[in-house]
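Report on one structure; see the data block that follows.
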Amino acid sequence: MERRRITTLAVPLKTSMVWSRPSVRRIAIGLGLVATVIVYGVVGYVLLGWSPFDAFYMVVITISGVGFGEVRPMVTTAERVHTILVIALGLVAVAFSVAGLVALLTEGEIHRALGHQRMRKQIDELSGHVIIAGFGRIGSLVAEELVANGRPFVVIERSADRIGEIERRGYHYVQGDATDEDVLIAAGSTAPRSSSR
């Protein structure tokens, strides 16, 4: 049981990390709002005597803002008020979704920085862990063996090319030179070190 707990710490679940991102939740909420506005708009037009297809088409062209003409003339005040509400609610729902998408596209670097901060905190909470100096052929084998044995560890790697592989595997790491005392302290230097590339 202890082995499984430590292995999970070494390789975090990617799915929960995706849904924990505020921009992803914002997109999901925005799409839910768009769907709600569509349902509201269609039901409103149907209650005003429109066919379901005409109602759906009117809501879609209204929300999307494509500028096509009305499906049928708006002769009653109720139809006009309902259309105004569909426009207003649709704009808000679409803007909310687009804002989430823009945030998702631009937050990559911010999220990476926050991920490093979170990992830094997790490393600080580790004790009795192994430090692997370098993630070359030997270092990666040592990491695999430690995961298999349920031992917590931190990798110190100076090469930016290898950091991507370490991140892909979900290992804790500190980027820097293993001979630098500050880097060793950041990795939790009170633990025994396993070295080499």
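The values are calculated or read from the model by the stated rules, or taken from the named source; none is laboratory data. Note that this is a predicted model, so its numbers are computed, not measured. Note that each Cβ is placed from the backbone with ideal geometry, even for glycine, and that neighbours are counted across all protein chains shown. Areas reflect the complete protein model, heavy atoms only, side chains present, ligands, DNA and RNA absent. Shrake-Rupley method; radii C 1.70, N 1.55, O 1.52, S 1.80 Å.
Residues that are open to solvent by 70 Å² or more (accessible area, probe 1.4 Å) and either at positive phi or not acidic (D, E) (or both) were ranked within the stretch 167-185; the one that is nearest to the chain's Cα centre (by Cα) is R168. Listed by first and then second residue, the pairs linking a residue in the stretch 67-96 that is over 28 Å from I29 (Cβ atoms) to a residue that is assigned to a helix (DSSP H, G or I) and not hydrophobic (A, V, I, L, M, F, W, C), with Cβ atoms under 6 Å apart and 6 or more places separating them unless they lie on different chains, are V71/D54; V71/Y57; M74/R80.
How many residues does the stretch 143-166 hold that are open to solvent by 60 Å² or more (accessible area, probe 1.4 Å), within 12 Å of V130 (Cβ to Cβ) and either of a type in the set (S, T, N, Q) or touching a residue at least 24 places away in the same chain (Cβ under 8 Å) (or both)? Number of matching residues: 2. One residue stands out in the stretch 59-81 among those that are under 22 Å from F96 (Cβ atoms) and either of a type in the set (A, V, I, L, M) or assigned to a helix (DSSP H, G or I) (or both): the one that is least open to solvent (accessible area, probe 1.4 Å), namely V59.
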